[in-house]
Structures are given as C-alpha cells and as structure tokens.
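I'd like to ask some things about the structure below.
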Amino acid sequence: MFNRYFAFAIPILISLACVQCSNHKEEEPLNVVLFLVDDLGWKDVGCYGSTFYETPNIDRLAKEGVRFTNAYAACHVCSPTRASILTGKYPATLNLTDWLPGRRDFPFQKLKNVEINQHLPYGENTLPKALKEYGYSTAIFGKWHLGEDSASTVRHGFDQHIPDWNRGWPKEGYHFPYGMKGLEEGVKGEYLTDRLTDEALKYIEQNKNNPFFLYLSHFAVHDPIEGRPDLVKKYRKKLKNSVSAKGPPYILEGKPGFENPQLRTELDCLLDDEKYSGFKIFPNQTVKIKQHQDNIQFAAMVESVNKSIGRILNKLEELNIENHTLVIFYSDNGGMSAANFGDPDRVISNDELDKAFSTSNVPLRGGKGWLYEGGIRVPLIIKWPNKGLKATVCDVPVTSPDFYPTILEILGIQDQTENTDGVSLVPLLKGKKEINRNTIFWHFPHYSNHGKQSPGGAIRYGDYKLLEYYENSQVQLFNLKDDIEEQYDLSELEPDKVKELKTMLNNWRVSIGAKMMEKNPDYEDF
Ligand SMILES: [Ca+2]
C-alpha cells in the first residue's frame, strides 16, 4: 500500500513542483540582452536587404520579434547614441553631442565645435543602475566609449566590464593579442568578436538562475576593418562568383548646406574630371561615398556578429530561458560609407579603400558622420517573448532614447522614467500602429570626421525631414515616404512646411538647453 501510494504520489508531486517552478519563473523579472553592434548600417543585414553579407541568425531573431524599418540613432557617431540608450535622454540634453573625446577645431571651420561633457554625467539615471536596484546582475562586454575613467562603467551601475578599455575602437585590432586589460589571456588565431561572445556566454551561464542585464557591445563592425581569415576567404570566393554590381563604385556627395547646392547630375559629371580622381576632400568640400557592398573584410566582420547573436540565442535556448529573456539587436549609427577625414588633408590610396570605406547604405544617402538617413537610420529588432509580436515589421519612427522607457516598462519598473526624452515602444511591440510622439530631433554642433560638412540639426515629423545647417542657416526638406534617398529638396516648394519644422526644431533646442556654436576666431577662408 505504502509503495503503491508513492508510485502515484511521486509523479503528482513532481508535476506540481514543475507547475510551481514554471509559475515562479513567470513572475521572475525578465533577463535583458542588449546586443549593440558598432557602425552597422541599415542595409548591412539580410532581412534589411543585404544580398552579400550573410546574417541568418539576425534574420531568425527578426522572425521571433519586431523588426523596425524606421529606427534611428540619436546621433550619427558613437558616444552620443550610446549615452541616449542608457539614459533615455537626447545627447543634447546630456551635452554629449560628439564622440569622445571629440574632434579638435581646424581653421577651415567657420564655427567652433561646442565643448561637451567628457563622460556620461554620473548623476544620470541609467539602465544598469535602475536594474541593479531591482536585484539584477549587470555586465558590459565590449565597447563603452562614454568616458575614459576606468571606474566609469561601475559608477554607472555595471557589476562587470571586460575589457578595461574605454576608447571607441579595439586597441590593437580584432586579432589576438588585443592589448586590452581583461583580455590578456588568449590563444593565437582568436578573434575579438568571438572572444567577447565567449565572455558573454560564461556570464549567462553564471547568471542563469537570477535576473541579468547583459550589454554585449561589440567593437565590430567599427574599423579597423579586419575579418576572421576563414570568413574573409569565404567572401573572397563569393565576390569572385558574384555578378558585378551596377553603377559606379563611388559617387561624389556635395557638402550639405552648401550655399549653391550641386545637383546630382552635376556631381555625377564631375566624377570624370581629373580634379576629382582619387580619394580625399575635393573642391567645394565634396567627398566620395561607397555604393557597393563588396568589402570582403567587412562582410566577414558582419558574419562574425551574426555568429555571435546566434550563439547567444542558442545559449538562452540551451538553458531554457529563451522565453524569459528580452533581446534587443541594434546599431549605434549608420555604415561607414564615407571615409574618416579626421585629418582633413588625408589622401587615401587605391589599395587602402577597403580599410577606409566599410559598406554601402544605398538606397540611403550618406553614411556615418552625416545627418542624411545613411548616418542615422539603423537596424533594430526587439524580441519580447510571450508578450510582443513575432515576425512583424514596424514602420513607425523610433529612436535610441526610447530604449530606456521601453525596457523599464517591459520589466514593470516605471518609477525612474520621468524626465526622459524617449517614449516607450511597448504599444508598437504589442501591435499598435502609433505611439504618443510624432517628432524626433537631432542636434550636432560639431564638424564631423566624415567629410567637412557643415554642422547641423534635423527633425523628423511624420514623413517629413528637415535638415538645418548651422554655418549659414541653409535647410533641406525631404518627404521620406516618396524619397527615402533624400534627392528631392522640397524646401523652396514648401516654405510653410519649412517654417513649421524650423520653428519646432528651434523650440526643442531651447527647451532642452542645447548648446549652440559660436564663430571660430581662427577661421581662415581658403
Ligand atoms: Ca558607432
């Protein structure tokens, strides 16, 4: 009798325990994986239209979540977007509007670069601080770039940061040895993106039984453009067997805000002029922009990132926590289709093109360092298991300050979302077609490394986007619904719309105390 009782009772007790277990699990806070890629362009992913780079794991994530087609970075360079992700505030609100430490002033500038905070201010609420208060373990693996103080990440709420290196690029590149503190041990042939993933997997294992916030912030695909040799070999073969892309490999791009803007047809004609051969800053501050996705080193870097997210997703499945983990895949700015002219006299030789130009953002105009869509529109996928939509595309414009209120609302932690500039994306993840916000703003009071173009700001309002240039108050107006390529400037045709958007942009700058540029006393008119 005793034995028979236990023969029935044990399976019942086990199943009751499992119900208890799964109920308990439901109530536990979700884990958060914020997977940030550096400088990954909007078109650099298979599900966003790349046919050369292979990204099956990123595409798989898109099938498990919501893919945003109008997702923006708050800035076209690294640090400001990163600051906005962690705080929910615009870079201009934080006075952190350029990459750190920032670009020095040159005599060609009519205006002086605004002075910015040299680290994310320690008084700010941040995602890791907020989550830590609710019992989360918090870790960042990879790039920080929000202050060079090595205690910076800990002071902002991270329990752990590997490596102890806070600049914007991997110190010695992507191949071991890396020369970065915290990653001294390794093996020959090891690749940085793989290694950071190894560290992240270890962290997930260690924290599988408690809520964790994993910020896997890859240095990839920022330059130096160095792929893993086996993958480079694969893409060399793929390129050889591919049909040659149509059209010129590079086009000339005029200086935005130039008083006498050159038409596309005029710029295209100049390509044949000897004065415009090679790669440097040309007359009227024009530069060349890459048009084809054919850089095999870069393709290998993208595939490594794809492998990294695949390994993370597999680990979550293996530990049976994939339905208990929010996953966000995002990039901090557009692809580097324009070379870096931090040294304005730089001349790039033909054999260095694949080191200076990573990708093409076509059909988007411009690239990293520009306020055109190529600089600020990026891939974004959010997987919110059980509650959020799957395999869905969302066209509503969203931006990086939105992550902070979104993550906190998803986790049910809403007591620290006051005074943020972002808006929770929860309604969009649940299938609504709009959120309570119809304008997104940009403010870049600096000269960019990627050309000599005028500093400026921008506003997206519905389908319209207005760009304003601070050297001369010139504007450009585009309707992105009809003209995602930003080729048809409507500013002369629609003066009322220009006035309306200019006023909104100005009012926003005033409301957040945005710093404006002053005349450069050392300006030399060449
Ligand atoms: Ca970046």
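The values are calculated or read from the model by the stated rules, or taken from the named source; none is laboratory data. Note that the structure is predicted; figures quoted are calculated from it, not measured. Positions of Cβ are backbone-derived with ideal geometry, glycine not excepted, and every protein chain shown enters the neighbour counts. Surface areas here come from the heavy atoms of the whole protein model, side chains and all, with no ligands, DNA or RNA. Shrake-Rupley method; radii C 1.70, N 1.55, O 1.52, S 1.80 Å.
May I ask you to derive the relative contact order of segment 359-489, considering only C-alpha pairs under 8 Å and at least 6 residues apart, and to give it as an integer percent?
The value is 20 percent.
Rank His76, Leu120, Val33 by how far each Cα sits towards the positive end of the charge dipole of the chain (+1 on Lys, Arg Cβ; -1 on Asp, Glu Cβ) and give me just the farthest.
Positive-end residue among those listed: Val33.
With a 1.4 Å probe and all protein chains in place, put Tyr178, Tyr488 in order of accessible area, largest first.
Tyr488, Tyr178
For every helix of n ≥ 4 consecutive DSSP H residues, a contribution of -39,500 (n - 2.57) applies; sum these over the chain, divide by its total residues, and give [θ] at 222 nm rounded to the nearest 500 deg cm²/dmol. List each step's numbers first, then the result.
Working: 14 runs with 152 residues, N = 526.
Value at 222 nm, helices only: -8500 deg cm²/dmol.
Per residue, how much accessible surface does segment 79-145 expose to a 1.4 Å probe? Answer in Å², no decimals. Intermediate values should be presented prior to the final figure.
Working: 2000 Å² over 67 residues.
Accessible area per residue, segment 79-145: 30 Å².
Let's test this: bin the Cα-Cα distances of segment 271-343 at 10 Å from zero up to the farthest pair and state each bin's percent.
14, 30, 23, 16, 10, 6, 0
Shifting gears a bit: Would you mind listing how long segment 398-486 runs along its three principal axes, going by Cα atoms, in whole Å with the largest first?
Rounded to whole Å, the extents work out to 46, 29, 20 Å.
Count the net charge of all other residues whose Cβ sits under 11 Å from the Cβ of Val426, scoring Lys and Arg as +1 and Asp and Glu as -1.
For residues surrounding Val426, the net value is +1.
For a quick check of your reading of the filter: which GluC sites (Glu not before Pro) in segment 440-521 sit in a DSSP loop and have no more than 16 other Cβ atoms within 10 Å?
Qualifying residues, ordered by number: Glu485, Glu492.
Trypsin sites (Lys or Arg not before Pro), restricted to segment 143-235: which are DSSP loop and have at most 10 other Cβ atoms within 10 Å?
Lys188
Non-local amide H neighbours of Leu380 (under 5 Å, H modeled in plane, Pro and chain starts lacking H): which ones?
Phe68
Work the Kirkwood hydrodynamic radius out for segment 265-388: mean of 1/r over every pair of different alpha-carbon atoms, inverted, in Å.
17.1 Å
If you line up the long axis of helix 78-87 against the longest principal axis of the chain, both from Cα atoms, how many degrees apart are they, to the nearest 10?
Helix 78-87 sits roughly 40 degrees off the main axis of the chain.
Could I ask something else about it? Helix 296-318 sits at what angle to the longest principal axis of the chain, using alpha carbons and giving 0 to 90 degrees rounded to 10?
Around 20 degrees separate the two axes.
Same structure, new question: Given +1 on the Cβ of Lys and Arg, -1 on the Cβ of Asp and Glu, and no further charges, what dipole in debye does the chain carry about its Cα centre, rounded to the nearest 20? Before the final figure, lay out the partial values.
Working: 62 positive and 71 negative charges, 246 e Å.
Dipole about the Cα centre, nearest 20: 1180 debye.
A further question on this structure: With a cap of 15 neighbouring Cβ atoms within 10 Å, and only residues DSSP puts in a loop, list the trypsin sites (Lys or Arg not before Pro) found in segment 290-355.
Values: sites: Lys290, Lys307, Arg311, Lys315, Arg346, Lys355; in loops: Arg346.
In loop regions of segment 290-355 (DSSP not H, G, I, E or B), the sparsely surrounded trypsin sites (Lys or Arg not before Pro) are Arg346.
Rolling a 1.4 Å sphere over the protein heavy atoms, what is the accessible area per residue of segment 294-334, to the nearest Å²?
Per residue, segment 294-334 has an accessible area of 23 Å².
Would you mind computing Rg(Cα) / (2.2 N^0.38 Å) for the chain, counting N as its residues? Before the final figure, lay out the partial values.
On the way: Rg = 23.9 Å, N = 526, 2.2 N^0.38 = 23.8 Å.
Expressed relative to 2.2 N^0.38 Å, the Cα Rg reads 1.00.
Compute, for segment 21-108, the length of the dipole vector about the Cα centre, with Cβ point charges of +1 (Lys, Arg) and -1 (Asp, Glu) only. Units Debye, rounded to 20.
240 debye
Output the antiparallel fraction of DSSP beta bridges having both residues in the chain, as a percent to the nearest 5.
Working: 35 of 61 bridges.
Roughly 55 percent of the beta bridges in the chain run antiparallel, per DSSP.
How large is the direction-averaged shadow of the alpha-carbon convex hull of segment 48-155, in nm²?
In nm², the orientation-averaged hull projection of segment 48-155 is 10.3.
What does the extension gain come out to for Arg311 and Asp268, with contour length at 0.36 nm per residue minus their alpha carbon separation?
11.1 nm
Taking every pair of Cα atoms in segment 347-392, average 1/r, invert it to obtain the Kirkwood radius, and report Rg/Rh to two decimals.
Across segment 347-392, the Cα-based Rg/Rh ratio is 1.23.
Also, quick follow-up: Just to be sure I follow: if Rg is taken over the C-alpha atoms of segment 85-212 and Rh is the Kirkwood radius over the same atoms, what is Rg/Rh?
1.03
Please report the carbon-and-sulfur percent of the accessible area for the chain; probe 1.4 Å, protein heavy atoms only, DNA, RNA and ligands left out.
Numbers: 11240 of 22310 Å².
So the carbon and sulfur contribution to the accessible surface is 50 percent.
Right, here's the next one. What does the net charge come to around Leu192 if you take all other residues with beta carbon closer than 12 Å to its beta carbon, with K and R at +1 and D and E at -1?
-3
Could you give the dipole magnitude of segment 360-489 about its Cα centre, charging the beta-carbon of Lys and Arg +1 and that of Asp and Glu -1, in debye to the nearest 20?
Result for segment 360-489 is approximately 520 debye, rounded to the nearest 20.
How charged is the neighbourhood of Phe158? Take every other residue with its Cβ under 11 Å from the Cβ of Phe158, and add Lys/Arg as +1 and Asp/Glu as -1.
Charge balance near Phe158 sits at +2.
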